[in-house]
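For reference, the structure discussed in these notes is given below.
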Amino acid sequence: MPHSDASLPEGPFTYADVGATREGRCPPGFNPLHVRTRIGEGVDVFERAAEAVLTWEMHRAMGVGIRTDAAKAAPGVDVTVTLGGVIKAPCRIVWTVDEPRRKGWAYGTLPGHPECGEEAFVVDRTGDGTVWLTVTAFSRGAKWYARAAGPATRGLQHAYARRCGVVLRRLAGGEDM
């Protein structure tokens, strides 16, 4: 499967199995997440959706703070995600995919992130022209408050992944559902 990185970026990731989301694997001891949302149909919807994911537009439209020097996701790019102006979550892009019918990226957690793990955002266009956003992740609490929240944290992660699809559908001009 072609992708834009020759190897995984180095760095102080907070977990060992860097890049596991590329294969859809969830390492032992982590909680899996897999949410797939229909965005719409056609090449134009696919291109707009892919661009919104690759340029952080989807995240920013959700009200998530994104601090990075890069205009687009690329392996090795550092990103700090800010939630509610309070929680700062440092990450690094571990892989990207740029194929004619599949585009996206994943980032892994760095020291200081409240969670430990990896999250991927991939837009694909199936053979019938349907455009999908798939959010895949594996995580476990790293900071005390993330560990203490347990199942509530996982519920918030699922809600966040579903919201990504709703926002991306609007940005890409997909149909209302």
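In the elastic network of the chain, a GNM with C-alpha springs shorter than 10 Å, the most mobile of V35, V53, V131 is V35. Here segment 46-92 is assigned +1 on the Cβ of each Lys and Arg and -1 on the Cβ of each Asp and Glu. Its dipole about the Cα centre then comes out at about 160 debye.
With θ taken as phi - 60° and the Karplus curve 6.51 cos²θ - 1.76 cosθ + 1.60 applied, the whole-hertz 3J(HN,Hα) list for segment 65-81 is x, 10, 10, 7, 8, 8, 6, 9, 5, 7, x, x, 6, 8, 9, 10, 8 Hz, x standing for glycine and proline.
For segment 83-133, averaging the sequence separation of C-alpha pairs within contact (under 8 Å, six or more residues apart) and dividing by the residue count gives a relative contact order of 29 percent. Leaving out ligands, DNA and RNA, and with a 1.4 Å probe, what % of the accessible surface on segment 47-177 is carbon or sulfur? Here it works out to 56 percent.
The listed residues L156, L168, L54, L83 rank as L156, L83, L54, L168 when sorted by accessible area, largest first, using a 1.4 Å probe. Taking θ as phi - 60° and the Karplus parameters 6.51, -1.76 and 1.60, the scalar couplings of segment 105-118 work out to 6, 9, 10, x, 7, 10, x, x, 6, x, 10, 10, x, 9 Hz in sequence order, x denoting glycine and proline. DSSP finds beta bridges in the chain, and of those with both partners inside it, around 100 percent are antiparallel.
A straight Cα-to-Cα reach below 29 Å connects K103 with the lysines K72, K88, residues fewer than 8 places away in its own chain not being considered.
Counted by Cβ distance under 11 Å from A89, the other residues give a net charge of +1, where Lys and Arg count +1 and Asp and Glu count -1.
Each Lys and Arg contributes +1 and each Asp and Glu -1, all at the Cβ; summed about the Cα centre of the chain, the dipole is approximately 620 debye.
Over the chain, accessible surface divided per residue gives 47 Å², non-protein components excluded, 1.4 Å probe. Working from Cα pairs under 8 Å separated by at least six residues, relative contact order for the chain is 31 percent. The calculated 222 nm mean residue ellipticity attributable to helices in the chain amounts to -7500 deg cm²/dmol, summing -39500 (n - 2.57) over DSSP H runs of n ≥ 4 and dividing by all residues. Say a site is exposed when it is one of the trypsin sites (Lys or Arg not before Pro), sits in a DSSP loop, and has at most 16 other Cβ atoms within 10 Å; what is then the longest site-free stretch of the chain? The longest uninterrupted stretch comes out as 26-71. All C-alpha pair distances within the chain, sorted into 10 Å bins from zero, spread as 10, 40, 38, 11, 1 percent across the bins.
The values are calculated or read from the model by the stated rules, or taken from the named source; none is laboratory data. Since this is a predicted model, take the numbers as computed values, not measurements. All Cβ positions, even for glycine, are placed from backbone atoms using ideal geometry, and neighbour counts span all protein chains on display. Quick note on the areas: whole protein, heavy atoms, side chains included, nothing else; ligands and nucleic acids left out. Shrake-Rupley method; radii C 1.70, N 1.55, O 1.52, S 1.80 Å.
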